[in-house]
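The values are calculated or read from the model by the stated rules, or taken from the named source; none is laboratory data. Every value quoted in this text rests on a predicted model; they were computed, and no experiment measured them. Every residue, glycine among them, receives a Cβ derived from its backbone with ideal geometry; neighbour counts consider all protein chains shown. For the accessible areas, the whole protein counts, side chains as well, though only heavy atoms, and no ligand, DNA or RNA atoms are used. Shrake-Rupley method; radii C 1.70, N 1.55, O 1.52, S 1.80 Å.
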Amino acid sequence: RWIADFLARACLAGEPLNKVPSVCDPAVGGGQMLLAAFDALRQNYPQASLLALVGALHGCDLDARAVTMARRGLKLRVAQVHGARHRSAEACIDRQLVVGDGLFGPLERHDIVLTNPPYMGARSMPVALKERLRAEWQPFHGDLYLAFLRRCQQIARRSVGVLAQQTVWYLASYTEARRLLLEHGQLEIFLHLGPHAFVNLNGEKASVVAYVQRVDRSASKEQTAVFIDLREHKTPDKKRAALSRLLHNDASETQRPETRSIALSSFAQIPASPLAHWLPPALAGWFGRAATTLGELAEIPGSQNKTGDNARFVRRFESVDPAQITNAEGLWTSGDPEQARWRFYSKGGSYAPWWGNWQHVVDWSPQARAFYASHRTANLLDERFWAREGLCYTDFCGDHFNARWMPAHCLFDMSGPAIFARTTTDERRRLLALMALLNSTPARALLNAMNPSLHCQVRELRLLPIPSWDDAIEARLAQSAQTLVETIREMAHMVPGDPLYVAGLRAHERDGALAALQGYAVAERALDCMVCELYGCPELVDSTQQREHATVMAVRAVLSRAAGRDGEPGRSE
């Protein structure tokens, strides 16, 4: 309701005070938007009668039960304000909140449209609905809510206030829909709520925004919008409190949410023009210059291996014959690549930059490869990638992209894709230097600006701007990255369940591990500083929010347990 209140007040802020404006919700649901509109109208038009205020409210919904609830809620609110039931107002509510189709049915135009439209992706739609959306609402047919966004613009005379998913403002697949929405309305306020905006809706995928557009004037090319960023607050109550402090100006600068006034034209330089309001200007400029891209320096296959039946072809490495696992430098020293049946398999996994997540192997026997090549749900990886060193990364990474070293003869699927250096005199050095950049604050920020969803796409990786460097700088980057790879690999010797695990932990090994833990953090930060300097944004280092590497956390736990067994409970600290 607090979001509905914000939208209603924001939409009414520019309305003339000589006439009560009409308000419509074309997907009224339980009626929260109209309840918020009623209270905002009472505040803005204190001289208007209850009947006049109620007469300004309109709504429809396909669900008759929702309309019934919306009517009852509004009637109760009117009775509460009036001190008794208001029969004339109730009759008006029954007339103007109706069962109807807010997307395809006829609707009158209204001064203000407020809504929280229904969401339904194309994959979940009945065939008839999918075909009708494609026929009547392109390019707004990818999700039901997209069509409602455009519908709101069509039936609004002056302003639109919407609470909806954030995807239309960020995904490359919605570039044209995004362009048209901005072309037909002047974006004024953009409240970026992100995930955890609703009490009963958890998970990072449910990321939403609330915004206000003016549609009674042509959208200017130099339009500027105010962006309020509430994403860092992890509960609805904290988001609400942060917004309240901002609106009432009762917080210090450090307590206020990030608020930025940005010209929308500045987003045009970012590929697909997402509204990446959080990207520092020093980094945003990299998209506008003729910088080298990662796609020019590295090959990033768009087609990975797919078994079509992981239960049959993918195993934990401990569950197969060790002699039948292919040799991989720094990871495994056993099977002959020409004879061994199994190969280590990158399947994404937890946050693990530099090295890690080598728990799985894939069947690479001739029979298995024949299945991958022929089965309709499978895909056999291109043979030129079967034996090359590269980098792999976790596809499901959000704003914490993490690349790691992939030894030769390892393979990868869609969850743990790979990157390979293009022809160079020192392929290994180039890969290590690229890994140093990819695990840096600037690269993560640039990737997140192009696509702030949970999945990192090959397209955005290929477009990542890369600063130029000479051989000396490349060698420094590569050496620093190699040191971090070796540090994590050494720590992996102490992690049960890791292919490099060595049983038995001695006191001097614990001390060495402690030193490695401390040195790891220092070395990673120093490398991040170096990359920030290359991108011309040294100030970003202090804002880095590092996550704990999965191996580092596991080593901490092992050291803590080992210290406890030795009667030295504080030693691991």
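Do we find that GLY161 is in a strand (DSSP E or B), under 25 Å from the mean Cα position of the chain (by Cα) and within 18 Å of ASP39 (Cα to Cα) in this structure? Here the answer is yes, as GLY161 does meet what is asked.
The single condition among (1) in a strand (DSSP E or B); (2) open to solvent by 10 Å² or more (accessible area, probe 1.4 Å) that HIS196 does not satisfy is (1). Listed by first and then second residue, the pairs linking a residue in segment 322-342 that is aromatic (Phe, Trp, Tyr) to a residue that is in a strand (DSSP E or B) and open to solvent by less than 60 Å² (accessible area, probe 1.4 Å), with Cβ atoms under 7 Å apart and 6 or more places separating them unless they lie on different chains, are TRP332/ILE325; TRP332/PHE344; TRP342/ILE325; TRP342/THR326; TRP342/VAL361; TRP342/VAL362; TRP342/ASP363. Testing LEU446 on (1) within 15 Å of the chain's Cα centre (by Cα); (2) open to solvent by 10 Å² or more (accessible area, probe 1.4 Å), one condition comes back false. Which one is that? Unmet for LEU446, out of (1) within 15 Å of the chain's Cα centre (by Cα); (2) open to solvent by 10 Å² or more (accessible area, probe 1.4 Å): (2). Contact annotation: residue pairs with Cβ atoms under 6 Å, 6 or more positions apart or on different chains, pairing a residue in segment 65-77 that is within 20 Å of SER88 (Cβ to Cβ) with a partner that is of a type in the set (Val, Ile, Thr) and open to solvent by less than 60 Å² (accessible area, probe 1.4 Å), are ALA70/VAL28; ARG71/ILE93; LEU74/ILE93; LYS75/ILE93.
Evaluate the following for SER334: is it modelled with pLDDT of 95 or more and in contact with a strand residue (DSSP E or B) (Cβ under 9 Å, 6 or more places away or on another chain)? Against the criterion (modelled with pLDDT of 95 or more and in contact with a strand residue (DSSP E or B) (Cβ under 9 Å, 6 or more places away or on another chain)), SER334 does not qualify.
Between GLU136, GLU108, the distinction of being under 36 Å from the mean Cα position of the chain (by Cα) and either polar (S, T, N, Q) or open to solvent by 70 Å² or more (accessible area, probe 1.4 Å) (or both) belongs to GLU136 only. Might you let me know whether segment 454-472 holds any residue that is free of Cβ contacts under 8 Å to residues at least 12 places away in the same chain, farther than 25 Å from PRO407 by Cβ and not aromatic (Phe, Trp, Tyr)? Yes, segment 454-472 contains at least one residue that is free of Cβ contacts under 8 Å to residues at least 12 places away in the same chain, farther than 25 Å from PRO407 by Cβ and not aromatic (Phe, Trp, Tyr).
The set of residues in segment 402-443 being assigned to a loop (DSSP other than H, G, I, E, B) and within 20 Å of GLU460 (Cα to Cα) consists of ASN402, MET414, SER415, GLY416, PRO417, ARG422, ASN439, SER440. Here SER265 meets each of (1) in contact with a strand residue (DSSP E or B) (Cβ under 7 Å, 6 or more places away or on another chain); (2) surrounded by 13 or more Cβ atoms within 10 Å (Cβ to Cβ) with one exception, condition (1).
Output the helices (runs of 4 or more DSSP H) that fall wholly within segment 282-399 and possess 3 or more residues being open to solvent by 20 Å² or more (accessible area, probe 1.4 Å), farther than 30 Å from SER453 by Cβ and touching a helix residue (DSSP H, G or I) at 6+ places or on another chain (Cβ under 6 Å), or say none.
Of the helices (runs of 4 or more DSSP H) lying wholly inside segment 282-399, none has at least 3 residues that are open to solvent by 20 Å² or more (accessible area, probe 1.4 Å), farther than 30 Å from SER453 by Cβ and touching a helix residue (DSSP H, G or I) at 6+ places or on another chain (Cβ under 6 Å).
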